[in-house]
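Q: Following this message is one structure expressed as structure tokens.
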Amino acid sequence: MKRSAHAIIDTAALRHNLARCREVAPNSLAMAVIKANAYGHNMLKAAETLSHANGFAVSCLQEALELRQARFIHPIVVLQGFHTMQSMKAIAEHRLRAVIHDRHQLELLDSAPASVKLDVALKLDTGMHRLGLPIEQARTLFERLSKHPNIKPTPWLMTHMACADEPDNPHTQQQLERFAKYTDGLQAPRSIGNSASILAWPESHVNWVRPGIMLYGSSPFAHGNARRDGLEAVMTLSAPLVAIHTIPKGESIGYGASWTCPEDTRTGVVACGYADGYPRHAPTGTPVWINGKESRILGRVSMDMIVIDLTAIEARAGDQVELWGKHLSVDRIAQAAGTISYELLCNAGNQCQHTYV
Ligand SMILES: *Cc1c(COP(=O)(O)O)cnc(C)c1O
């Protein structure tokens, strides 16, 4: 689908952010998380740009197969593992690493033919309560997997943090302590940390870190600041101005006539809306960047357009407007729209044309 809005992807920034991850967690291997089309950045191109990562992590088998078909020979972890005999066999055949997080996978393993030999990571639930087997059973499960005829040595040990993005939340310390306590003495590679853990919880670094959002240059923290975390924006969402008007004082703008001009107001119409992944909930005042200046949106976001304030801004039809990116952190837009950068990047990145630079 070709639209006016497009996402410019800065490969140097993507590489910089992986280097930043390695600087923060120097003794860990980095598996770049490129699920969901690399958070909207194009999975194959992101993998190519990050080909010096120690491995990749994706959600599902289909994503991993796409990487193998494109001849990426890296270690690849499939975070949701397998759900059927067929997907287990595919994971083995393509030398992927399956996350074992549920009893039904253990049953499938017990009925696998002898020819299936699988790399696995045992995912333990330390308090996130989404995926994972009970941490209290870590030792028994690890021994069962270690002895299993269909499993290659050595199963990894994994867990996931629920609140690492809140540095003052005691939940993370509790999860880390449970993981340490119940896996103590087990000889296995370990993996705990996502971006927030990498940046805020050095104890989580262990053998493998799993950076996602930080690679794309967004802060994982609620009121975070990517620059302060040493990260560079990777995606710039840009669209042209298609019309300029002066709307008289007292007239209102857009659907629902939700914003009324307090005086004669010069406005611009930008060819980007919620169909392009721009958040419909972004209120009047959400920042945009045009011709070296910060401005704001006025009234409601439409499907293909937003209206912006051009008071004291020189602009002509055809000028490009930055919705987020180099000058305007996606984190600010996410905050204004009551969501997180992850959602904006995935939505816009998966609807817009990409230009890799
Ligand atoms: C998505 C995901 C990550 C990456 O998380 P970020 O917050 O984007 O760094 C790491 N681990 C698991 C299990 C994930 O699902």
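Q: Go through segment 315-339 and give me each residue that's surrounded by fewer than 18 Cβ atoms within 10 Å (Cβ to Cβ) and out of contact with any strand residue (DSSP E or B) (no Cβ under 9 Å at 6 or more places or on another chain).
A: Across segment 315-339, the qualifying residues are Gln335, Gly338, Thr339.
Q: Given the conditions (1) within 16 Å of the ligand (Cβ to nearest atom); (2) outside any loop (DSSP other than H, G, I, E, B); (3) under 15 Å from Phe179 (Cα atoms), report the number of the one that His129 does not fulfil.
A: It is condition (2) that His129 fails.
Q: Out of the residues in segment 199-243 meeting the condition of being buried (at least 21 other Cβ atoms within 10 Å of the Cβ) and among the aromatic types (Phe, Trp, Tyr), tell me which one is nearest to the ligand (Cβ to nearest atom).
A: Out of the qualifying residues, it is Tyr216.
Q: Restricting to segment 314-357, and then to whatever is of a type in the set (Val, Ile, Thr) and modelled with pLDDT of 95 or more, can you tell me which residue is nearest to the chain's Cα centre (by Cα)? Can you show your working first?
A: Taking segment 314-357 and keeping what is of a type in the set (Val, Ile, Thr), we get 321, 330, 333, 339-340, 355, 357.
Still in the running and modelled with pLDDT of 95 or more: 321, 330, 333, 339-340.
On the way: Val321: 24, Val330: 12, Ile333: 16, Thr339: 13, Ile340: 10 Å.
Ranking the qualifying residues of segment 314-357, first place goes to Ile340.
Q: On to the next question. For segment 177-198, how many residues meet the condition of being out of contact with any Leu (no Cβ under 9 Å at 6 or more places or on another chain) and either open to solvent by 10 Å² or more (accessible area, probe 1.4 Å) or at pLDDT below 95 (or both)?
A: Matching residues across segment 177-198 total 7.
Q: Restricting to strands (runs of 3 or more DSSP E) lying wholly in segment 177-291: which have 3 or more residues that are more than 27 Å from the chain's Cα centre (by Cα)?
A: Answer list for segment 177-291: 235-247, 265-270.
Q: How many of the residues in segment 142-194 are away from the ligand (no atom under 16 Å from the Cβ) and of a type in the set (A, V, I, L, M, F, W, C)?
A: So the answer is 6.
Q: So if I check each of Ile333, Ile297, Ile308, Ile313, which one is assigned to a loop (DSSP other than H, G, I, E, B), more than 17 Å from Arg3 (Cα to Cα) and of a type in the set (A, V, I, L, M)?
A: Going through Ile333, Ile297, Ile308, Ile313 in turn, the sole match is Ile313.
Q: Condition first: away from the ligand (no atom under 15 Å from the Cβ), open to solvent by 10 Å² or more (accessible area, probe 1.4 Å) and under 23 Å from Met235 (Cα atoms). Can you find one or more residues in segment 77-94 that meet it?
A: no
Q: I would also like to ask the following. Which residue pairs have Cβ atoms under 6 Å apart, sit 6 or more places apart or on different chains, and have a first residue in segment 52-68 that is open to solvent by less than 10 Å² (accessible area, probe 1.4 Å) and a second that is among the acidic types (Asp, Glu)?
A: Close Cβ pairs satisfying both conditions: none exist.
The values are calculated or read from the model by the stated rules, or taken from the named source; none is laboratory data. Computed from a predicted structure; not experimentally measured. So basically every Cβ, Gly included, is an ideal-geometry build from the backbone, and we count neighbours across all protein chains shown. Ligands, DNA and RNA are stripped out before the accessible areas are found, and what is left, the full protein with its side chains, is counted by its heavy atoms. Shrake-Rupley method; radii C 1.70, N 1.55, O 1.52, S 1.80 Å.
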